[in-house]
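The structure appears below as structure tokens.
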Amino acid sequence: MAGKDEVVAAAAHSHVEDNDPKGGEDFIEDSTPGLFLNLCVVATAIGGMLFGYDTGVISGVLVVLGTDLNGRLLDHWEKELITALCAAGALFGAIIAGVTADKYGRKPAIWFSSVLFTVGALVQATSYSLAQMCVGRILVGLGVGSASMIIPLYIAEISPAKYRGRMISIDMVFLGTGSLLAYGFDAAFYKVPHGWRYMVGLGGIPSILLGALLFWCPESPRQLLFHNQTEECVSVLRRMYPTADESQVSQMVAHIQHGVTQAKALNEEVSVRQSLKSLFKVPANRRAAIVACGLMATQQLCGFNTLMYYSSTLFQIVGFNNPIAVGTIVTATNWIFTFLSIFLIDRVGRRRLLLWTMWGMPVFLVLAAGVFR
């Protein structure tokens, strides 16, 4: 029997990437994906709007809350608490989703995030106290974290390797769309009495839409095989690749099954503690973990979210009559360049596109800091 380190090392390459092998045979992903697959990607990518909408809407809410909570103006730390609780909830939501998605499947985890966000939006919209608002923010955060964790994974598992980067980028486009819509609603309700309630309440619409569309989306083929539902997996692959022949479908099933078998062997031979240790002991895992975590940390620590959360507040301080409308420029710019990435990410490459653009962030953040000084 192979040693534990060998099992871990072998399984390190057997997850999503196992869906895109290239051998001498005509592989299923060389055929054209059907409309059904594309619709599944778009339907689930709506979940990206949850994160985007919340990021954008809170910027306007902080400006117009007034004395609606606890009958007084909120202190600065209370506004910061309202903003931060969503991120805290998202952290735990992502952890919970990571565990439940493997045990129960991707779809239940996405449904769970949809329900949490919908309930959280309603709790916020009906809040008359800071405590109730905080509860709503935590619920929304749990939903955002769950969706942000599972939806890109689901899209990656159903997407052909040739178009995987582009299809995952659709989730990011919906994230930007959510922010843009949030700023639009913020601007529309800026002068409406208690308009912030409409701002946060409307956030429940995309989560309800996501939950409804999930009824027509199948579980990912990998998860179906993981739970020994081979016939259902074959049926899903046929719907996703209507032009593929039986040999291509069989090859795809066999290859996914190989990855699933390795993953199950890893779960049986290695405990959770040993699995975590393998992130540092196995060189390939260690390098992947450092790169992945480093990139995610860079994305969050670059400071861009300060503009997304507080741009309306900053423009209000500067003296604009409708600071929320002006703040729309920030999210609109973000949306435009996210949309462009769909056409560039598979052509130019992930690494090259990252290296070309990441150095612009500190430069323009310094310029923004100078302007608001």
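None of the figures in this text is laboratory data; all of them are computed from the coordinates on show. Predicted model only: the values in this text are computed from it and were never measured. All Cβ positions, glycine included, derive from the backbone under ideal geometry; neighbour counts span all protein chains shown.
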- Item | Label-point separation in nm, Gln132 to Phe92, each point 7 Å along Cα→Cβ | 2.1
- Query: What longest range of the chain stays clear of loop-exposed chymotrypsin sites (Phe, Trp or Tyr not before Pro) (DSSP non-H/G/I/E/B, at most 14 other C-beta within 10 angstrom)?
  - Reply: 129-319
- Message: I need the P(r) histogram for the range 290-343: all alpha carbon pairs, bin width 5 Å from 0 out to the longest distance, whole percents.
- Response: 4, 18, 18, 19, 18, 12, 7, 3, 1, 0
- Task: Return, ordered by residue number, the residues of the range 297-313 whose backbone nitrogen is under 12 Å from a label point located 7 Å along Cα→Cβ of Val348.
- Result: none
- Message: Using Cα-Cα distances under 8 Å and only pairs 6 or more residues apart, what relative contact order does the chain have, in percent?
- Response: 28
- Note on the structure: If every Lys and Arg gets +1 and every Asp and Glu gets -1 at its Cβ, then about the Cα centre the range 113-226 yields a dipole, in debye to the nearest 20, of 140
- Task: Have a look at Val192, Val173, Val42 and tell me which one the Gaussian network model of the chain (Cα, springs below 10 Å) gives the largest fluctuation.
- Result: Val192
- For the range 56-97, what is the convex hull volume of its Cα atoms per residue in Å³? 78
- Task: Give me the distance between the Cα centres of the range 333-357 and the range 126-159, rounded to whole Å.
- Result: 26
- If the chain between Ala254 and Arg287 were fully stretched, how many nm would it gain, using 0.36 nm times the residue separation less the Cα-Cα distance? 9.0 nm
- Item | Cβ-placed point charges (K, R +1; D, E -1), dipole of the chain about Cα centre in debye, nearest 20 | 900
- Item | Gaussian network model of the chain, springs between alpha carbon atoms under 10 Å - residue of Ala161, Ala289, Ala43 with greatest fluctuation | Ala289
- Between [x] 1.00; [y] 1.21; [z] 1.11, the structure-derived Rg/Rh (Cα atoms, Kirkwood Rh) is [x]
- Relative to the present Cα-Cα distance, how much length would full extension add between Val366 and Leu295 at 0.36 nm per residue of separation? 23.5 nm
- Rounded to the nearest 500 deg cm²/dmol, what is the calculated helix-only ellipticity per residue at 222 nm for the chain, with -39500 (n - 2.57) per DSSP H run of length n ≥ 4? -25500 deg cm²/dmol
- Message: Per residue of the range 97-103, what does 6.51 cos²θ - 1.76 cosθ + 1.60 with θ = phi - 60° give for ³J(HN,Hα)? Whole Hz please, x for Gly and Pro, Karplus curve as stated.
- Response: 5, x, 7, 6, 5, 6, 7
- Query: Can you work out ³J(HN,Hα) from phi for every residue in the range 114-131, in order, using Karplus 6.51 cos²θ - 1.76 cosθ + 1.60 and θ = phi - 60°, giving whole Hz and x for Gly and Pro?
  - Reply: 5, 5, 4, 5, 4, 5, x, 5, 5, 4, 5, 5, 9, 6, 10, 9, 5, 4
- Based on the Cβ-Cβ distance from Val99 to Lys162, what FRET efficiency comes out when R0 is 25 Å, to the nearest 0.05? 0.20
- Item | Residue pairs, from the table Lys79/Lys103; Lys162/Lys281; Lys79/Lys191; Lys162/Lys277; Lys107/Lys162, whose Cα atoms sit over 28 Å apart | Lys79/Lys103; Lys162/Lys281; Lys162/Lys277
- Query: If you average the sequence gap of Cα pairs under 8 Å that are 6 or more apart and divide by the length of the range 185-270, what percent do you get for the contact order?
  - Reply: 20
- Task: Choose one answer from Arg72, Arg273, Arg164: the residue with the largest mean-square fluctuation in a GNM of the chain with alpha-carbon springs under 10 Å.
- Result: Arg273
